[in-house]
Amino acid sequence: MPKLTGFAIAALLFYSCSTVPLTGRRQFMAVSDAEVNQSAAQSYQQLLTSPKTKVIAGTNDAIRIKRVGNQLAAAIQRYLNANGYANRYNFQWEFNLIQSNEVNAWCMPGGKVAVYSGILSITRDDAGLATVMGHEIGHAIARHSAERISQQYVAQGLGAAVGIAADNSTSALVQITNQLYGTGSQIALLHYSRSQESEADRLGLTFMAMTGYDPHQAVAFWQRMAQLSANGNKQPEFLSTHPSDQTRIRDIENRIPEAMKYYSK
């Protein structure tokens, strides 16, 4: 890996000066949101148009996912606008239901959301959907993908903070995004760290409250997810790097009072 110059180090420090909405956590960033969102949108379209992917449209479930998703997006945007984040986020929201037995859902940077039909038996209702979609959107709002991509850049010695050559930046980002999300296969999933998962839980709980869904309902959803594993089923990919069921549920219960400050029916 090439040594970073003084200029590169200064640039890295400059790019790292950002915070996550609501949690206030400072984070390291070596790529721009515009670049990451562009590459994510390209990867998202590649997945949706893949012969291995069946996008469900027009059904009650597909319509419900778009409705709940758009409710969440509108509430989140109101919060961002009111708290000085309007210029940071330029999301072009999309919500799609994908036919798959996998218990899975995710949100790429820029608001590109996919829900897999296999998780609908666990979400059951709008509150369950708001729980899982709010969590996944939390990853995007916290810019967890950009953090992972920044780590990849540094690890590969690409010097993203001082910029990849313009003619190579997009292709490099797309390549890394595809690697992280596994968009060459039917199932797309970015493995976040446990700390990022906990942060997404916290954000998702607040986002569902902002949208008018009782945060207490999140506990019931995660209890159903825990029961799925307890019944001897293989742990869903959706949970592969998440905190333990007991830890997650306890932490969510502890965060409910914070989320309730944003809740109104």
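Would you report the distance distribution of C-alpha pairs in region 68-117 as whole percents per 5 angstrom bin, up to the bin with the largest distance?
So the P(r) values, bin by bin, are 5, 20, 25, 22, 13, 8, 5, 2, 0.
What would the Debye equation give as log₁₀ I(q)/I(0) for region 39-135 at q = 0.17, 0.19, 0.20, 0.22 Å⁻¹, counting only Cα atoms as equal point scatterers?
Listed by q, the Debye log ratios stand at -0.75, -0.92, -1.00, -1.16.
If you take the beta carbon distance between residue 25 and residue 56 as r and set R0 to 41 Å, what does 1/(1 + (r/R0)^6) give as a FRET efficiency, to the nearest 0.05?
On the way: r = 36 Å, r/R0 = 0.87.
Working from the Cβ atoms, E equals 0.70.
Could you put 52, 112, 66, 265 in order of accessible surface area, largest first, with the 1.4 Å probe and the full protein assembly present? Please report the intermediate quantities before stating the final value.
On the way: 52 130, 112 15, 66 85, 265 210 Å².
Putting 52, 112, 66, 265 in descending order of accessible area: 265, 52, 66, 112.
Which entries of 112/261; 54/112; 52/112 show an alpha-carbon separation above 24 angstrom in the structure shown?
Numbers: 112/261 28 Å; 54/112 16 Å; 52/112 18 Å.
Over 24 Å Cα-Cα: 112/261.
Please compute the contact order of region 101-148 in relative form: average sequence separation of alpha-carbon pairs under 8 Å and at least six residues apart, divided by the residue count, as a percent.
Working: 55 pairs, mean separation 19.5, N = 48.
The value is 41 percent.
By the scheme Lys and Arg +1, Asp and Glu -1, what is the net charge of all other residues having a beta-carbon under 13 Å from that of residue 97?
Result for the local shell: +1.
Suppose the chain between residue 193 and residue 74 were pulled fully straight at 0.36 nm per residue; how much longer would it get relative to their current alpha carbon spacing?
The span from residue 193 to residue 74 would gain 40.1 nm if fully extended.
The values are calculated or read from the model by the stated rules, or taken from the named source; none is laboratory data. None of these values were measured; they are calculated from a predicted model. As a convention, Cβ positions derive from the backbone with ideal geometry for all residues, glycine included, and neighbour counts pool all protein chains shown. Ligands, DNA and RNA are excluded from the accessible area calculation, which covers all protein heavy atoms including side chains. Shrake-Rupley method; radii C 1.70, N 1.55, O 1.52, S 1.80 Å.
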